[in-house]
1. Which residue, chosen from ASN63, TYR92, THR111, occupies the Cα position most advanced towards the positive end of the dipole of the stretch 63-111, where the dipole is computed from +1 (Lys, Arg) and -1 (Asp, Glu) charges on Cβ about the Cα centre?
2. Evaluate the distance, in nm, between pseudo-label points positioned 7 Å from the Cα of ASN78 and of MET35 along their respective Cα→Cβ axes.
3. Bins of 5 Å, beginning at zero and ending with the bin holding the largest distance: percent of Cα pairs per bin for the stretch 6-50, please.
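Each value in this text was obtained by applying a stated rule to the coordinates, not by laboratory testing. Just so it is clear, the structure is predicted and the values come from calculations on it, not from any experiment. Backbone-built Cβ (ideal geometry, glycine too); neighbour counts: all protein chains shown.
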Amino acid sequence: MKKYKKQELIKNLRQLSKDLNRLPKQRDLIKPSLMAYRNTFGSFNKALSEAGLEPRKRVSYTNTELLELLRKRYSQTNKIPTQRDFNKLKNYPDSKTYYERFGSWNKALETAGLKPNKAGSKKGKKPKKILKKEEPQKKPFWKRIFS
């Protein structure tokens, strides 16, 4: 395992924050790994502080508050929130929180009174036309080519 210098890790965190346009999360770290930050600074939050980035304060939400945030996001965008979009939002809980509390993202949406997207559906796209099977040809293939 490569040993990273403190300044190298700080520079990396600042760049990652700039690239993401938000405070990096532990899951955003690929290289250097989370362990490199923990080994050097003691914790990820201490690494953020030393990089001049204000670490997140742990917030506990009630189930009611979590559902209200889903409804609020829907009213802002007029679209059913997706996990991916939700995880990009600043000052919102991670979708993992909804899994832990409600069992799944879709169950959280349903509990909030929102209709979940169907798995694998492409929003706003029409289904492809189903092509009809070609009529069988009267002549065999080789006779059509060589006649």
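1. About the Cα centre, the residue reaching furthest to the positive side is TYR92.
2. 5.0
3. It works out to 5, 25, 40, 24, 5, 0, in whole percents.
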